[in-house]
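The values are calculated or read from the model by the stated rules, or taken from the named source; none is laboratory data. Since the model is a prediction, treat every value here as computed from it, not as a measurement. Glycine gets a Cβ as well: all are built from the backbone with ideal geometry, and neighbour counts include every protein chain shown.
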Amino acid sequence: MPTLRDTIAEDLRTQITTGHLKPGDRLLSEPKLATHYKVSTPTVRQALALLQAEGLIEKTHGKGNFVRTPLRRITYKGGAGIPFAPNLQTTIHTNTVRARGHIRTLLEVPSNTPLTEFHCTTYEGETPRSVARIYIPRDIAPAAQLASLSWPSSGDVGRTESRETVTARLPTPEEATALRISPMRTVLTITRISLNSAGRVIEAALLVLPSDATDAVFTIHPTLKEGETAR
């Protein structure tokens, strides 16, 4: 059974998606919404938080809640590791770091192993659409070669398998700042590790995208059994 929070969120969501409330419109104040729906102000705030997380509204401090202009969606292509949309541009910064903590665990290397870090941000115009950090052990390929590679691929360094983990969560303060989004707006995080034919992890990539403006597409190629042929 829907809660009062869900019922209020659904009513406002319908008003937005049907055009009754248009981009730029300001919602009633929280106390007025509480009176209108005959609920407490905290219940209204919970409903508004849902709509903020979905990217339908945004809260401006001291001014109120406003209907957002819908963002054009981008597509993340699983396996290829590519966020795609027309007119996307990427900035790339490289750095030399040492393997520690979560990154060391993902790469399955000893602590302090030298790594090349790619810090990548994609933009559509002036708007950040995704951020990523990619780590490659420096013994995989010469530093000069790595520095010339295009994000998000580490290039032809023996990749034969990739594994991806997808999670929805709230952004860290650093991610919210980099993407210029509210800390209450949900992000999609994709952790990809790539292995070579010997089973060694040769790359770890951490990608973050606003979930309300991203579609993730994964294509599965069935493995043929012995004696079968592809149709």
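List of remarks:
- Restricting region 1-27 to residues that are surrounded by 15 or more Cβ atoms within 10 Å (Cβ to Cβ) and touching a strand residue (DSSP E or B) at 6+ places or on another chain (Cβ under 7 Å), the residue that is farthest from residue 214 (Cα to Cα): 27
- Boolean, residue 204 is surrounded by fewer than 18 Cβ atoms within 10 Å (Cβ to Cβ), modelled with pLDDT of 85 or more, under 20 Å from residue 133 (Cα atoms) and in the same structural domain as residue 102 (by TED's automatic domain parsing): no
- Total residues in region 1-55, condition part of a helix (DSSP H, G or I), among the acidic types (Asp, Glu) and in contact with a helix residue (DSSP H, G or I) (Cβ under 7 Å, 6 or more places away or on another chain): 1
- In the set 88, 56, only one residue is touching a Lys or Arg at 6+ places or on another chain (Cβ under 8 Å), aliphatic (A, V, I, L, M) and more than 30 Å from residue 5 (Cβ to Cβ); that residue is 88.
- Count of region 158-184 residues which are in contact (Cβ under 8 Å) with a residue 12 or more places away in the chain and assigned to a helix (DSSP H, G or I): 3
- Hits in region 86-99 (condition: part of a loop (DSSP other than H, G, I, E, B), on the phi < 0 side of the Ramachandran plot and at pLDDT below 95): 86
- Scanning region 98-117 for residues that are in contact with a helix residue (DSSP H, G or I) (Cβ under 8 Å, 6 or more places away or on another chain) and surrounded by 14 or more Cβ atoms within 10 Å (Cβ to Cβ) turns up 99, 113, 115, 116.
- Condition check for residue 44: among the aliphatic types (A, V, I, L, M) and in the same structural domain as residue 130 (by TED's automatic domain parsing): no
- The residue of region 28-80 that is surrounded by the most Cβ atoms within 10 Å (Cβ to Cβ), among those that are free of Cβ contacts under 8 Å to residues at least 40 places away in the same chain and among the basic types (Lys, Arg), is 45.
- For region 170-205, a tally of residues being farther than 19 Å from residue 160 by Cα and of a type outside the set (Val, Ile, Thr) returns 14.
- Residues of region 166-202 satisfying the condition of being of a type in the set (Asp, Glu) and either closer than 19 Å to residue 52 by Cβ or in contact with a His (Cβ under 7 Å, 6 or more places away or on another chain) (or both): 175
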